[in-house]
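Below is one structure, written out as structure tokens; comments come after it.
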Amino acid sequence: MITDKDQLKDLLTRGVEDVIVRADLEKKLRSGKKLRIKLGIDPTNPQIHIGRAAALWKLRAFQDLGHQVTLVIGTFTGVIGDASDKDSERPLIERETINENMKSYAKQIGQILDMKKVELFYNGDWFDKMPLQKFFALTQIFTIQQMTERENFAKRIKAGKPVGIHETLYPMLQGYDSVEMKTDVEIGGTDQLFNMLAGREVQKAYKMDQQNVITLHLLEGTDGRKMSSSWGNCIYINDEPFEMYGKVMTVRDELIPVYFKLCTDVPLEQITVLEQAMSGALVEDGMMTVFGDPGNPRDTKASLARTIVARYYGETAAVKAEEAWNEQFREGNKPKVISTKKVKSGTVLDIVSDVFGLSKSEVRRLVMQKGIKLDDKVIKDVEQKITQDCLVQVGKRRFIQLNIVK
């Protein structure tokens, strides 16, 4: 039961874009009823970034209040892939890829949630066994018109781009997960609103109470676009402390308050003062100790980076990461310890993409911006061959020593 108004406000406000139906959910939270809180994860990438982790931290808040957290891993739906944010047809993903990506998920999620108290589901357990007749009955809940009214589908149809039938099935399948899991509340990004509302309709068709829905702000990545592994603009929760710290330091200044809201537990009232300070308003001197100098984005961002690293690795690791970063970049030094990678000879495009975990489009963009060096020489051609041992530098802070295997 929540009796503290500030606690309820933080739960339903911090990083939250919308709550459906707010009055109903607030009533349930005040009643003391133990709610079943759902989050669906399609393991299309082996790493979880801090944007996706925002939903996990929201689950942690519910878990700390005694509610039942339920996670569903999309071993079936992940093969289709959610088309919520896609402007072109999404290809099917092999089940083997999904299973491989799953292996590290529990460990990563365990950094945030108490996994001993989590109910873990795999939707392949019910969809793989679903009779075709039952599947057809499920499809009757929706119409093609309803599915193609979805904004990104409508845009693709208008532009003459294909929309696969399998893509239109995804919201219905995600909705059915809520039936199997007996969900009271589903949490997801704003791009999941259509899918989660579909869950309400599926539950209604199965004569169940309709779930409430909480949508969270989609965190922007280091380049200002939505954080996405396919764009190479992610900060992953299993990045090493120094790497994590350095990535946060590249975030655009205007995103600092958003990162504080979604990626830290700094009180909202302090973040509000920070926003005011960044807009030029006068603030109390006490705020200096929380964020550094709010009028200096570099200091404030350093506070943000240290806070995020401490959340995943502890304060000692955060301080060490900050000291190492300052030594390297404020004093212009290279890292004292540089990791080594054995690779076969190949092009800059292929090797840098593989070694640094970047998309090939991101590598091309970095080369155009003169952001990749081999032994301190700027690379101008992504097709340049790497045939000898060399030190690769990506951006200002990422270094790897390549040892070419003959």
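The values are calculated or read from the model by the stated rules, or taken from the named source; none is laboratory data. Note that the coordinates shown come from a computational prediction; the quantities given were computed from them, not determined experimentally. Cβ: placed from backbone, ideal geometry, glycine included. Neighbour counts: every protein chain shown.
Quick notes
- When residues in the range 59-80 are screened for being over 19 Å from GLY189 (Cα atoms) and of a type in the set (Ser, Thr, Tyr), 1 of them pass.
- When GLY224 is tested against (1) touching a helix residue (DSSP H, G or I) at 6+ places or on another chain (Cβ under 6 Å); (2) of a type outside the set (A, V, I, L, M, F, W, C); (3) assigned to a loop (DSSP other than H, G, I, E, B), only condition (1) is not met.
- Between THR143, THR190, THR139, THR183, the distinction of being in contact (Cβ under 8 Å) with a residue 12 or more places away in the chain, more than 30 Å from ASP265 (Cα to Cα) and of a type in the set (Ser, Thr, Tyr) belongs to THR139 only.
Okay, residues lined up against (1) at pLDDT 85 or above; (2) outside any strand (DSSP E or B); (3) under 30 Å from ASP381 (Cβ atoms):
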position: PHE260; (1), (2), (3): yes, yes, no
position: GLN270; (1), (2), (3): yes, yes, no
position: LEU282; (1), (2), (3): no, yes, no
position: ASP293; (1), (2), (3): no, yes, no
position: SER303; (1), (2), (3): yes, yes, no
position: ALA321; (1), (2), (3): yes, yes, no
position: ILE338; (1), (2), (3): no, yes, yes
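- PRO241 meets each of the listed conditions (1) modelled with pLDDT under 90; (2) touching a helix residue (DSSP H, G or I) at 6+ places or on another chain (Cβ under 6 Å) apart from (1).
- Selection of first residues in the range 342-361 that are of a type in the set (Phe, Trp, Tyr) and of second residues that are in a loop (DSSP other than H, G, I, E, B), restricted to Cβ pairs under 9 Å at least 6 apart or on distinct chains, gives the following pairs, ordered by first then second residue: PHE356/GLY232.
- Considering residues of the range 201-214 that are in contact with a Ser or Thr (Cβ under 8 Å, 6 or more places away or on another chain) and in contact (Cβ under 8 Å) with a residue 60 or more places away in the chain only, the residue surrounded by the most Cβ atoms within 10 Å (Cβ to Cβ): GLN211
- Test result for GLU26, outside any helix (DSSP H, G or I), charged (D, E, K, R) and not assigned by TED's automatic domain parsing to the domain that holds LEU262: no
A quick yes/no check of all residues on (1) modelled with pLDDT under 95; (2) in contact with an Asp or Glu (Cβ under 8 Å, 6 or more places away or on another chain); (3) not hydroxyl-bearing (Ser, Thr, Tyr):
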{"position": "VAL21", "(1), (2), (3)": "yes, no, yes"}
{"position": "LEU29", "(1), (2), (3)": "yes, no, yes"}
{"position": "ARG36", "(1), (2), (3)": "no, yes, yes"}
{"position": "ILE41", "(1), (2), (3)": "yes, no, yes"}
{"position": "ARG52", "(1), (2), (3)": "yes, no, yes"}
{"position": "LEU59", "(1), (2), (3)": "no, no, yes"}
{"position": "PHE62", "(1), (2), (3)": "no, no, yes"}
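- Residues of the range 234-255 that are crowded, with 20+ Cβ neighbours inside 10 Å and in contact (Cβ under 8 Å) with a residue 60 or more places away in the chain: CYS234, ILE235, TYR236, ILE237, PRO241, PHE242, MET244, TYR245, GLY246, VAL248.
- Of all residues in the range 118-136, none that is over 17 Å from ILE98 (Cα atoms) has its Cβ atom under 6 Å from the Cβ atom of a residue that is small (Gly, Ala, Ser), 6 or more apart or on another chain.
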